[in-house]
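To start, the structure under review is shown below, and the notes come after it.
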Amino acid sequence: MEASNVTSTLFSQLDFRSERQKVITSNIANINTPNYKTKDLVFDHELDKATSKNTPVLQMAKTSSTHFSNVNAVNNIQNPKLIEVQGLEEQNDGNNVSLDTQMGEMSKNKMLFDALQSSIKKDSRLFRSVIESSAKN
């Protein structure tokens, strides 16, 4: 049972952040590997591409007249894809991993991961309080 409709989205984002952390860690581990190219997971990029098209691809189903008509959902976003990052400056050995950039991305990813965890906890607490208050009646 899910605490709310948002719960599955939060958990899928948590999974994405976990996988992205593995990719960033792999980039850092290969910083001295000749000809290694920086990799990244593209989920946000795919979301931006899908929402920037003129045709509305991400529409919610309106099941009640009280629902907002202009709210979009991200129900049909595909799994994240692993890509090689293009346009980065290469070192003499062909490696293009920047430790500063990767550490910054790791820090950003951790902050988002922590925020998602906090949101899941709050969502669960709200769900628990609803159950407890309904049991008292």
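The values are calculated or read from the model by the stated rules, or taken from the named source; none is laboratory data. If you're wondering where the values come from, they're calculated on a predicted model, not measured in any experiment.
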Residue among Ala3, Ala61 that is under 30 Å from Ser129 (Cα atoms) and at pLDDT 60 or above: Ala61
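Taking region 103-122 as the search range and keeping residues that are under 17 Å from Asp15 (Cα atoms) and charged (D, E, K, R), which one is farthest from the chain's Cα centre (by Cα)? Can you show your working first?
So the first thing to find is which residues in region 103-122 are under 17 Å from Asp15 (Cα atoms), and the list is 105-121.
Okay, now just the ones that are also charged (D, E, K, R), so 105, 108, 110, 114, 121.
On the way: Glu105: 13, Lys108: 12, Lys110: 11, Asp114: 12, Lys121: 18 Å.
Within region 103-122, the match that is farthest from the chain's Cα centre (by Cα) is Lys121.
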